[in-house]
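The values are calculated or read from the model by the stated rules, or taken from the named source; none is laboratory data. Since the model is a prediction, treat every value here as computed from it, not as a measurement. Here the Cβ positions follow ideal geometry from the backbone for every residue, glycine too, while neighbour counts run over all protein chains shown.
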């Protein structure tokens with residue numbers, strides 16, 4: 001939850017910070033892109049987790065992420081705010097990646113997708129706390145800063161992890177094979193890594209843009225207050241939590257590939273329609289789109305760990321996350337520029353649906369089916 005809260009901070013507050021610092025739509029998109037570019041910090045950190053263990057890196061990130069992110073509360077400029085979050089957010093993302101890796105390594109073969117979905121639900125609570133803190137921004141033109149101070153609450157999570165977090169049993173078993181497995185990753189697994197990176201790049205072009213500009217759309221085009229924005233976000237995204245549980249169960253029982261390939265473009269189209277409508281219709285499209293994305297998420301997310309060996313699972317996760325964030329950068333910068341040029345939010349989001357459509361074709365035709373198989377068995381067959 002702490003990582004999700006930190007990863008959501010900038011997304012939820014940038015519209016209010018932009019008002020104080022007088023930043024344009026393109027400036028917000030560029031700032032969000034810079035924050036996402038900080039993902040490169042993750043790569044050496046997850047590599048350390050593959051070499052020295054998951055536990056020490058996770059504990060370090062649990063301490064560092066909330067402390068660095070909370071500096072946004074004293075930002076004297078938009079540049080300073082972007083800079084602190086460009087460091088704090090990837091520290092939280094590193095923790096996110098390693099939590100997913102450990103969960104995947106510890107779960108039985110018939111529950112990995114379900115565990116991935118359940119983990120996303122728990123993570124969503126952290127993001128929900130960030131969204132639920134938005135009414136603080138209504139207290140005054142600079143009160144959005146209070147939301148960054150809330151990040152310090154997660155220090156208690158760091159204390160708990162330091163005291164009780166064990167090392168992954170699978171990592172302990174395979175740590176002596178790390179070098180050999182990395183050699184295998186560089187050859188047999190290169191194609192799988194490229195395909196997954198392509199899919200997350202294309203889908204995140206859409207998802208990141210929708211996430212960042214939703215608050216601005218509601219605030220500017222629909223006249224929503226911070227409290228109403230928070231109500232909309234929580235109300236329309238909460239059903240996605242049910243989708244995560246359903247999707248995880250179905251992906252474990254029936255398979256991942258077809259489920260993910262089918263629902264990703266459906267969710268993208270429905271969510272785009274929420275940027276084209278108003279009133280109850282807007283809320284319904286947002287709910288339906290979030291539910292479709294929620295069902296598809298466990299089916300696709302579980303591939304990020306299943307297709308790679310233990311000694312390189314963290315590194316592969318970092319590379320995949322980097323690709324996703326670069327996709328977000330492309331979407332955000334492009335969307336910001338065309339929005340400033342006068343295009344509507346609905347037009348921009350409908351055009352971006354092309355990304356998830358192409359991604360779904362890659363999943364349908366090039367992804368293997370991994371349900372009901374052990375991790376070692378999957379690695380040997382690829």
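Annotations
- Residues that are more than 16 Å from the chain's Cα centre (by Cα) and closer than 29 Å to residue 341 by Cβ do occur in region 58-77.
- Flag if residue 216 is assigned to a helix (DSSP H, G or I), at pLDDT 90 or above and closer than 25 Å to residue 33 by Cα: no
- Selected residue (only one of 312, 360 is modelled with pLDDT of 90 or more, crowded, with 17+ Cβ neighbours inside 10 Å and either under 21 Å from the mean Cα position of the chain (by Cα) or assigned to a loop (DSSP other than H, G, I, E, B) (or both)): 360
- Of all residues in region 338-357, those satisfying the criterion of being under 23 Å from the mean Cα position of the chain (by Cα), in a helix (DSSP H, G or I) and either free of Cβ contacts under 8 Å to residues at least 24 places away in the same chain or over 25 Å from residue 93 (Cβ atoms) (or both) are 345, 346, 348, 350, 351, 354, 357.
- Only one of 176, 184 that is closer than 22 Å to residue 302 by Cα and at pLDDT below 95: 184
- Residue in region 364-380 that is crowded, with 23+ Cβ neighbours inside 10 Å and assigned to a helix (DSSP H, G or I) present: no
- Whenever a residue of region 264-275 is at positive phi and modelled with pLDDT of 95 or more, it has no partner that is outside any helix (DSSP H, G or I) and surrounded by fewer than 22 Cβ atoms within 10 Å (Cβ to Cβ) lying with C-beta atoms less than 7 angstrom away and at least six residues away or across chains.
- Residues of region 219-249 classified as crowded, with 20+ Cβ neighbours inside 10 Å and more than 26 Å from residue 36 (Cα to Cα), total: 3
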